[in-house]
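Note sheet for the following structure.
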Amino acid sequence: MKLEEIESLLKSSPQTAESALMQIISQPADFKDEVILKEKELALIRLGEYYRDSKNPEGLASAIRCCRSFMSAIAKAKTAKLVKTLIDFYSQSPLNEHPNSSQIQIVITRENIEWARSEKRVFLRQSLEIKLCALLFDYQQTKEALSLIANLLKELKKLDDKMILTEVHLLESRIRHALSDPPKAKAALIAARTAANSIYCPPLLQAQLDMQSGVLHAEEKDYKTAYSYFFEALEGLASQDDPRASLALKCMLMCKVMLNLPEDVMAIQGSKLARKYAGKGTEAMQAIAKAHEDRSLAKFEDALKIYKAELSDDPVVRNHLAALYDTLLEQNLIRVIEPYSRIELSFVAEQVKLPLRDVEAKLSQMILDKVFAGILDQGEGCLEVFEESPNEKMYDYSLETLKQIGSVVESLYAKAQKPINVEVVSTTARLRFSHVKYHYKPPLGSIMNTLELTYITTKHPSKAENKPP
């Protein structure tokens with residue numbers, strides 16, 4: 001049965017079509033015939049697509065296992081591409097919705113790594129080990145993933161394969177970031193960029209590098225730079241029609257919210273590129289931006305409940321929600337106390353819908369941080385808010401003047417402490433004494449009236465010593 005006939009059977013009689021595809025793959029044939037090899041390859045891919053669309057992870061695993069004799073006969077590069085394509089079907093919709101899809105994908109990847117090692121297919125084994133590291137990272141088995149990466153890096157540095165080195169360092173950076181190790185995550189990203197600079201970096205890999213750079217800059221609270229990287233990642237992923245572009249767009253909107261620019265969120269969503277990748281993630285950030293703009297903690301908490309998968313379950317966004325919550329809580333408290341000079345704490349707690357103790361602690365922190373001027377009267381259970389007096393520049397000018405005067409006085413005092421050599425001659429008795437060197441330190445106002453003071457010159461000291469008595 002030809003592939004064209006099988007294609008029509010997939011809709012009317014899928015089980016018959018499945019058996020026909022398996023027969024094409026498993027039947028013995030002359031592996032030197034390119035036409036037969038091409039037919040087997042197309043049949044295998046079509047069978048994998050059928051198992052993916054029918055949510056059958058076990059069937060896909062069985063198809064991968066039974067085609068190893070066929071893959072041993074074709075070119076190594078084609079084998080690597082074919083195996084990776086089949087394994088990637090596990091991560092695609094709708095098969096990724098199956099509860100056991102990830103576990104079976106890890107098992108079948110391990111089996112193919114061992115098969116590639118026995119067949120001495122180094123490139124395929126390395127590619128599958130990188131894939132396994134990514135799967136383990138997604139499945140939160142970070143310790144084993146880091147161990148695999150360490151072994152891979154030792155091997156890859158000897159081979160000097162810059163492309164694979166870039167992928168491995170990028171994956172290491174993502175794992176280090178997930179383990180809350182920013183210095184090592186940044187070092188791994190720098191290593192990935194260094195390796196990528198010496199080769200042609202594919203657009204998709206470059207977009208992933210930009211995405212990781214944005215994530216790390218956002219962790220450092222440098223949201224302006226992070227926004228630029230997320231924008232570059234969005235353009236790169238969109239050029240390849242990659243669905244991860246929606247995540248880059250969501251991170252862009254998050255940066256605008258964290259920069260206290262919630263009004264820019266709607267402007268960005270109106271662009272052509274943003275409309276293409278709009279979805280639940282962008283709706284979630286729009287709700288957060290609206291809560292931020294209205295300074296409403298209740299709206300923020302409602303958004304967290306409604307869009308839990310897009311916000312709380314997202315490891316990139318989740319790390320910034322705590323800081324955003326504190327910011328919104330401060331703004332919400334300020335919105336409540338703004339119209340009053342004296343307000344009951346119980347009323348404030350009622351308005352923000354938080355326990356009284358939490359409200360007192362937050363207001364105390366805000367007063368200490370000088371967010372506003374006021375005191376807590378715990379005896380009366382009230383908050384007194386003071387108007388901030390404007391800074392008088394006259395005081396600053398006066399302090400600066402006094403500082404300059406002090407500098408002048410200290411300078412004059414330092415000069416006055418230096419000794420001056422003088423020659424003393426008595427004028428009262430009109431007698432000439434032997435010339436005496438007298439060390440004079442001012443002030444000597446009373447002596448100045450009776451003594452004739454003459455500086456001893458250092459140029460002709462002999463004249464002073466040879467004068468007659």
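Just so you know, all these numbers are worked out from the coordinates, no wet-lab data involved. This one's a predicted model, so the numbers in the text were calculated from it and none came from an experiment. Please note: Cβ atoms are built from the backbone with ideal geometry, for glycine as well, and neighbour counts cover all protein chains shown.
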Checklist entry - Using a simple charge model, +1 on the beta-carbon of Lys and Arg, -1 on the beta-carbon of Asp and Glu, nothing else, what dipole does the stretch 1-50 show about its Cα centre, in debye to the nearest 20? => result 80
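Going by average Cβ density within 10 Å per residue, which order do the peptides 405-414, 276-285 take, highest to lowest?
With the highest mean Cβ count within 10 Å placed first, the list reads 276-285, 405-414.
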Checklist entry - Any idea which of Asn112, Val122, Gln141 is furthest toward the positive side of the dipole for the stretch 105-158, if Lys and Arg beta-carbons carry +1 and Asp and Glu beta-carbons -1? => result Val122
Checklist entry - With point charges of +1 on the Cβ of Lys and Arg and -1 on the Cβ of Asp and Glu, referenced to the Cα centre of the chain, which listed residue (Ala218, Cys255, Leu42) lies farthest in the positive direction of the dipole? => result Ala218
Checklist entry - Any idea what the relative contact order of the stretch 202-335 is, in percent, if you count C-alpha pairs under 8 Å spaced at least 6 apart? => result 19
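Using unit Cβ charges (K, R positive; D, E negative) and no other charged atoms, how large, in debye to the nearest 20, is the dipole of the chain about its Cα centre?
Charge dipole of the chain: 2420 debye, to the nearest 20.
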Checklist outcome for this item: Sorted by chain and then number, the residues having a modelled amide H within less than 5 Å of the amide H of Gly374, at least 5 places away or on another chain, are Phe386
Checklist entry - Can you give the translational diffusion coefficient of the stretch 9-154 in µm²/s, computed by Stokes-Einstein from the Kirkwood radius over Cα pairs at 10 °C and 1.306 mPa s? => result 99
Item to check | Hits among lysines - C-alpha to C-alpha of Lys403 under 18 Å, sequence gap 8 or more where chains match | outcome: Lys393
Checklist entry - Tell me, how many Å apart are the Cα centres for the stretch 236-309 and for the stretch 1-41? => result 46
Item to check | Charged-residue dipole, Cβ positions (Lys, Arg, Asp, Glu), the stretch 237-338 about Cα centre, Debye nearest 20 | outcome: 300
Checklist outcome for this item: Computed over the stretch 304-362, the Cα gyration tensor eigenvalues, each multiplied by 5 and square-rooted, give semi-axes in Å (largest first) of 28, 11, 10
Item to check | Relative contact order, percent, the chain [alpha-carbon distance under 8 Å, six or more residues apart] | outcome: 5
Checklist outcome for this item: In terms of the charge dipole of the chain, which places +1 on Lys and Arg and -1 on Asp and Glu at the beta carbon, the residue among Ser228, Ile343, Ile268 farthest towards the positive end is Ser228
Checklist entry - Of the cross-linked pairs Lys131/Lys221; Lys256/Lys353; Lys11/Lys280; Lys81/Lys157; Lys162/Lys276; Lys224/Lys370, which ones have a Cα-Cα span greater than 29 Å in the structure shown? => result Lys131/Lys221; Lys11/Lys280; Lys162/Lys276
Checklist entry - Ranked highest first by the average count of other Cβ atoms within 10 Å around their residues, in what order do 90-99, 298-307 fall? => result 298-307, 90-99
Next on the checklist: Can you give the FRET efficiency to the nearest 0.05 for Glu235 and Asp33, using r as the Cβ-Cβ distance and R₀ = 45 Å?
Outcome noted: 0.50
Checklist entry - Could you give the nm distance between label points at Phe386 and Glu220, where each point is 7 Å from its Cα heading toward the beta carbon? => result 3.9
Checklist outcome for this item: Rounded to one decimal in nm, the spacing of the 7 Å Cα→Cβ label points at Ile45 and Gln140 is 3.7
Checklist entry - Across all directions of projection, what mean area in square nanometres is found for the Cα convex hull of the stretch 339-385? => result 3.0
Next on the checklist: Give me Rg/Rg_expected for the stretch 202-335, where Rg uses Cα atoms only and Rg_expected = 2.2 N^0.38 Å with N residues.
Outcome noted: 1.00
Item to check | Protection proxy ranking, peptides 37-45, 123-131, 395-403, average beta carbon neighbours within 10 Å, highest first | outcome: 123-131, 37-45, 395-403
Checklist entry - What value does the chain have for Rg/Rh, both radii from Cα atoms and Rh as Kirkwood defines it? => result 1.34
